[in-house]
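Down below is the structure, laid out as structure tokens.
The values are calculated or read from the model by the stated rules, or taken from the named source; none is laboratory data. On a predicted model such as this, the values are computed, not experimentally measured, just so you know. So basically every Cβ, Gly included, is an ideal-geometry build from the backbone, and we count neighbours across all protein chains shown.
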Amino acid sequence: MGANLVPILRNFSIKNAPGNSTDITESMKDGCVTAGDHRLLRFDMRTYNKGNADFNMGKPIEHPEIFEWSAAHGHWHNKHFNEYTLFNMLGQAVVPGFKQGFCLEDIERIDPNASPTPKFHCDAEGRVDQGVQPGWADVYSVGLPCQFIVIDGVQDGYYRLLATTNARFVAHEDDYTDNTIIVGLHLHGDTVIQLTEQDNWRWCHKCQGLAFAGNPSPGACPAGGLHDHAGSGNYSLVQYS
Ligand SMILES: [Zn+2]
Ligand SMILES: [Zn+2]
């Protein structure tokens, strides 16, 4: 193992932000939204290092090629570090590829066995290493400038938000297969509900159905014997109500 970042999203809400609100005026400083009223899908973005080594970006002043100054946040951002796309249930992108700058530091200790002391910081001068130590997460909370995607004109319904961290692979991780997560969302008026989803379902070609593969045994197959998952993909089931 080494460094391994995974995204974790939580705390979804919708806000209709007037053009003269700080949600819009502050965010315009970083160019993530245009002038005027906007409907915002807001959420906390956590970038968790579930590996066993530091994810270290280095010092912004030494790496102008990957960092840019954020006037809205008052520190250096790793350009396009996270990326969000909102899909409808037909798999069409309704909000395509929003790229988010990010400053990496230790905000929240998730693993109780991790070091109790934060190590990485976002300094305004860009003279210290940015990163996340093992067992910790960086957190961009609801309410920060640009911590949202614009959903003007997106209709009520069911959607999937695809979120990728370290989207340009600017620093090494041992595992990039878990850098993207998909969150099911139900948008209804000004409310948004995060759908419960369970992966680890497999297609059993014997009984021609999906069977849960998260238990020690594959389970009994109505066609006789145990379910046979050979050749199956990993399926995720969404609970809609
Ligand atoms: Zn920032
Ligand atoms: Zn079966």
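Which residue pairs have Cβ atoms under 6 Å apart, sit 6 or more places apart or on different chains, and have a first residue in segment 37-66 that is touching a residue at least 12 places away in the same chain (Cβ under 8 Å) and more than 25 Å from THR177 (Cα to Cα) and a second that is surrounded by fewer than 17 Cβ atoms within 10 Å (Cβ to Cβ) and among the β-branched types (Val, Ile, Thr)?
ARG42/VAL142
Can ASP174 be described as among the acidic types (Asp, Glu), assigned by TED's automatic domain parsing to the domain that holds VAL94, under 26 Å from GLY2 (Cβ atoms) and under 28 Å from the mean Cα position of the chain (by Cα)? So that I can check it myself, show each step before the final result.
On the way: among the acidic types (Asp, Glu): yes; assigned by TED's automatic domain parsing to the domain that holds VAL94: yes; under 26 Å from GLY2 (Cβ atoms): yes; under 28 Å from the mean Cα position of the chain (by Cα): yes.
It is true that ASP174 is among the acidic types (Asp, Glu), assigned by TED's automatic domain parsing to the domain that holds VAL94, under 26 Å from GLY2 (Cβ atoms) and under 28 Å from the mean Cα position of the chain (by Cα).
Quick check, is ASN88 within 25 Å of MET57 (Cα to Cα) and within 19 Å of the chain's Cα centre (by Cα)?
Details: within 25 Å of MET57 (Cα to Cα): no; within 19 Å of the chain's Cα centre (by Cα): yes.
It is false that ASN88 is within 25 Å of MET57 (Cα to Cα) and within 19 Å of the chain's Cα centre (by Cα).
Can you confirm whether TRP76 is touching a helix residue (DSSP H, G or I) at 6+ places or on another chain (Cβ under 6 Å) and either assigned to a strand (DSSP E or B) or crowded, with 20+ Cβ neighbours inside 10 Å (or both)? Before you say what the answer is, go through the steps one by one.
Details: touching a helix residue (DSSP H, G or I) at 6+ places or on another chain (Cβ under 6 Å): yes; either assigned to a strand (DSSP E or B) or crowded, with 20+ Cβ neighbours inside 10 Å (or both): yes.
Taking the combined requirement at face value, the residue satisfies it.
I'm trying to understand the selection: among the residues of segment 4-47, which are under 21 Å from ASN166 (Cβ atoms) and touching a Lys or Arg at 6+ places or on another chain (Cβ under 6 Å)? Let's see the steps before the verdict.
Start the filter on segment 4-47 by keeping residues that are under 21 Å from ASN166 (Cβ atoms), which leaves 4-10, 30, 32, 43-47.
Result: ASN4, VAL6, ILE8, ASP44.
From (1) at pLDDT below 95; (2) within 17 Å of the chain's Cα centre (by Cα); (3) closer than 23 Å to GLN133 by Cα, pick out the condition that doesn't hold for ASN49.
Just one mismatch for ASN49, condition (1).
May I ask you to list pairs of residues, at least six apart or on different chains, whose Cβ atoms are under 6 Å apart, with the first in segment 97-110 being under 18 Å from ARG42 (Cβ atoms) and the second being among the aromatic types (Phe, Trp, Tyr) and away from ligand 1 (no atom under 15 Å from the Cβ)?
PHE98/TYR84
Kindly list the number of the only condition in (1) away from ligand 1 (no atom under 16 Å from the Cβ); (2) under 30 Å from ALA72 (Cβ atoms); (3) in contact with a Pro (Cβ under 8 Å, 6 or more places away or on another chain) that fails for THR165.
The failed condition is (1).
Residues are listed down the side, and each one gets a yes or a no for (1) within 12 Å of ligand 1 (Cβ to nearest atom); (2) in contact with a strand residue (DSSP E or B) (Cβ under 6 Å, 6 or more places away or on another chain); (3) of a type outside the set (A, V, I, L, M, F, W, C):
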position	(1), (2), (3)
ALA93	no, yes, no
PHE98	no, yes, no
ASN113	no, no, yes
PRO116	no, no, yes
CYS122	yes, yes, no
GLN130	yes, yes, yes
ILE149	no, yes, no
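Please enumerate the residues belonging to segment 30-46 that are at pLDDT 95 or above and more than 20 Å from the chain's Cα centre (by Cα).
Listed by number, the residues that qualify are THR34, ALA35, GLY36, ASP37, HIS38.
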